[in-house]
Amino acid sequence: MPWHRILCLAVSVLCLRFTLNASAQPWQAQGIIHDVASPQAKLHSVPICAVKMGEGFWSSRMRTNVEKSIPALLELLEEHGVVDNFRRLSGRKNVERKGPLYTDSDLYKWMEAVALVLQSGDRPELRVQLDKLIDEVLAAQEPSGYLNTYYVGERTAKRFTEMQGSHELYCLGHLLQAGIAYYRAAGNRKLLDGGIKFADYLVGNFGPDKRPALTGHPELEMALVELYRTTGDRRYLGFAGYLLSGVERERLKLTDDQIRYLFSGVPFTSRRELEGHAVRAMYACSGATDYYLETGEPAYLQTLETLWRDMVNHKLYITGGVGSRAEGEAFGEPYELPNAQAYTESCAAIANLMWNWRMLAATGKARFAEVMERALYNGINSGMSLSGTLYCYRNPLESTGEQIRNPWYDTTCCPPNLERTFAALPGYLYSTSARGAYVHFYHSSTLDWHLENGIGLKLSQETNYPWGDAVSIKVEPAAPSEFSVYLRIPGWSRQSKLAVNGTPVVSAIKPGEYLEIRRSWQVGDTMLLTLDMAPRLTAANPRLRENLGRVTVERGPLVYCLEAPDQPGLNSIFDVWLPLGTEPSPEFQAEFRPDFLGGVMVLRHRGIATAKPLTDEPLYETFQKRDPGFVKELTLTLIPYYAWANRGSAAMQVWIPYLQGPR
Ligand SMILES: [Zn+2]
């Protein structure tokens, strides 16, 4: 273990005494990524157990996740033979193997979700279930450490011979992440040690001077860096670097198409654009950022910035989703962002969140948190039904009403990925830095942790965000001291206000940046942040041809949409326009409806619709001025995008045509 890591471990154990009880263990100090000793981390994750969520938008989602989603998915994993695939190997059940070759990872992700839930506090029933599953999984592990339910029996000879598609290393990555998460929840090393055994088998047999390895589906890179952070064993970091170095192109005879699609197989630092399979690319970027955080190799950060700008300037949906093409579940060309055909897999939006969390740690720049918030509230949140038991694999931005939510998919990667993301949420709200503490996301909660100089710190947020505009934050240092609290001012909040102990802060508050408040903080100091929650219209770059003549409506972090059930008396939601003045200052009425869609703010706006269905009109006709009776006026009702498709299948659109002119 490097000396700085030992020092940090000692510091964190000492610091724990301020907040947790005296018997606190090092594993309780580890956050979503354990980057406390990462040389390039400007911000450091706080442990999930240090953040207690209050009532609000995400806590009700998290409750549904624990009480409904997680139990229901385990039943389905059992029903579809995913656990039996392990029992079959251990001889506990005599059954056929079921499902695609990557099903092991679906169980591991479910296990990680449970472990992350347990980091917020013990739930004996879930813990017992997890322990039983760990026993089932490890009973199937071979003495060598190898563990995979697909490459067994007559397929044993094919192990590591078809890494372009085998997902063996992908499954190992998820096994390690689940093991690490459970270790951080309870200090229980059983699953972690099983993962380490397989990782040691890999490191011992593969590499430049041994057999070639390739992550045909990147994911293992970030798991190995996290394993290094957890154990201090540099071999895992080295192996992640080997995978990212892409040196095996020749030995594995990879084609150009493969290296584009897999986002693997050439040096990561040679990449200039996001292409190929979106989840693969986003996980590769996450792993590369983790690698940079530990090694500081500048070419990595340059490449990551280039790829990030390619994403936000050309390939990111307004919902935070990525990967527009169904074919290959892939990124498209710049501005290729179709609405109805949008693929935008839930996993890709989640991977986007994970990548940006790492970029935020590396840079401290608010633009990364901004992408996280966009993805979290919209393209990720849409992935799970309000009931918690139906899931979107695709998250399109327009629909004629096809079935979009299902309890199960043959490739059921998204449901457990959503579950582990919601379970991890407390760990994303805050960070610390050498100068103080960061508040990234607003939600009623209490951070009970410490500054990096060891002084205990409690931060308590009270807010009704994203419905309300006010966030009250109480600051309680264990001893009065000078440090900074950084509040993220969202880019969309054009007019934000802050008062400290009732006195308005007069300095300019810049949208899209962190506002640093540095002072000598006393116990009980309070800040009141007020954000600009006025509904707003957003237009797309005209190069995004599909959205020409359209706008979308946003309020706070939420993207809104029109869904058919909210527009009674309308022929079709596709036969409408938003009438805007010459100066498009939107005139919305906002109404919070507590009993509707789990409690949402609906927005209403004047609309224009055709008197008769457009489907009755000819496909083409001479261009001419329309008869005034062609359209009628009505009121359009918009709901948050994440809440669509919760009343059965229905037509929906995010980008709405507008008519501009004097009213
Ligand atoms: Zn998925």
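When S286 is tested against (1) closer than 18 Å to A349 by Cα; (2) surrounded by fewer than 20 Cβ atoms within 10 Å (Cβ to Cβ); (3) of a type in the set (S, T, N, Q), just one condition goes unmet, and that condition is (2). For A281, the conditions (1) in contact with a Pro (Cβ under 9 Å, 6 or more places away or on another chain); (2) over 23 Å from L418 (Cβ atoms) all hold with the exception of (2).
Comparison of G99, G54, G91 shows that the only residue that is under 27 Å from the mean Cα position of the chain (by Cα), of a type in the set (G, A, S), modelled with pLDDT of 95 or more and more than 26 Å from A223 (Cα to Cα) is G54.
When the range 131-180 is filtered for residues that are among the basic types (K, R) and under 31 Å from the mean Cα position of the chain (by Cα), only K132 remains.
Looking only at residues in the range 609-625 that are within 30 Å of Q589 (Cβ to Cβ) and either in contact with a strand residue (DSSP E or B) (Cβ under 9 Å, 6 or more places away or on another chain) or among the aromatic types (F, W, Y) (or both), which one is surrounded by the most Cβ atoms within 10 Å (Cβ to Cβ)? Restricting to residues being within 30 Å of Q589 (Cβ to Cβ) and either in contact with a strand residue (DSSP E or B) (Cβ under 9 Å, 6 or more places away or on another chain) or among the aromatic types (F, W, Y) (or both), the top hit is A609.
Total residues in the range 476-490 satisfying the condition of being more than 13 Å from F441 (Cα to Cα) and touching a helix residue (DSSP H, G or I) at 6+ places or on another chain (Cβ under 7 Å): the figure is 1. The set of residues in the range 392-407 that are of a type in the set (G, A, S) and either within 14 Å of the ligand (Cβ to nearest atom) or touching a Cys at 6+ places or on another chain (Cβ under 7 Å) (or both) is empty.
Here I380 fulfils each of the conditions (1) within 16 Å of the ligand (Cβ to nearest atom); (2) more than 22 Å from W492 (Cα to Cα); (3) among the β-branched types (V, I, T) apart from (2). Of all the numbered requirements in (1) closer than 25 Å to L386 by Cβ; (2) not hydrophobic (A, V, I, L, M, F, W, C); (3) not in a helix (DSSP H, G or I), P71 misses one, and that requirement is (3).
May I ask you to say which residue of L274, L243 is in contact with a Phe, Trp or Tyr (Cβ under 8 Å, 6 or more places away or on another chain) and more than 16 Å from the ligand (Cβ to nearest atom)? It is L274.
Put simply, of R325, R280 the only residue that is basic (K, R), within 16 Å of the ligand (Cβ to nearest atom), over 15 Å from the mean Cα position of the chain (by Cα) and under 23 Å from Q164 (Cβ atoms) is R325. Listed by position, the strands (runs of 3 or more DSSP E) inside the range 479-552 whose residues that are over 24 Å from R604 (Cα atoms) and among the small types (G, A, S) number at least 2 are 481-489.
Cβ-Cβ contacts under 7 Å between residues 6 or more apart (or on different chains), taken from a first residue in the range 338-350 that is closer than 17 Å to E398 by Cβ and more than 11 Å from the ligand (Cβ to nearest atom) to a second residue that is among the aromatic types (F, W, Y) and part of a loop (DSSP other than H, G, I, E, B), are listed as N339/W655; A342/Y317.
Screening L274 with (1) buried (at least 18 other Cβ atoms within 10 Å of the Cβ); (2) at positive phi gives one miss only, at (2).
Got at least one residue in the range 415-435 being at pLDDT 95 or above, on the phi > 0 side of the Ramachandran plot, part of a loop (DSSP other than H, G, I, E, B) and not acidic (D, E)? There is no residue in the range 415-435 that is at pLDDT 95 or above, on the phi > 0 side of the Ramachandran plot, part of a loop (DSSP other than H, G, I, E, B) and not acidic (D, E).
Scanning the range 502-536 for residues that are within 19 Å of Q653 (Cβ to Cβ) and touching a residue at least 60 places away in the same chain (Cβ under 8 Å) turns up just one, P535.
The values are calculated or read from the model by the stated rules, or taken from the named source; none is laboratory data. Fair warning: this is a prediction, and the values are worked out from it, not measured in the lab. For neighbour counting, all protein chains shown are included, and Cβ atoms are generated from backbone atoms with ideal geometry for every residue, glycine included.
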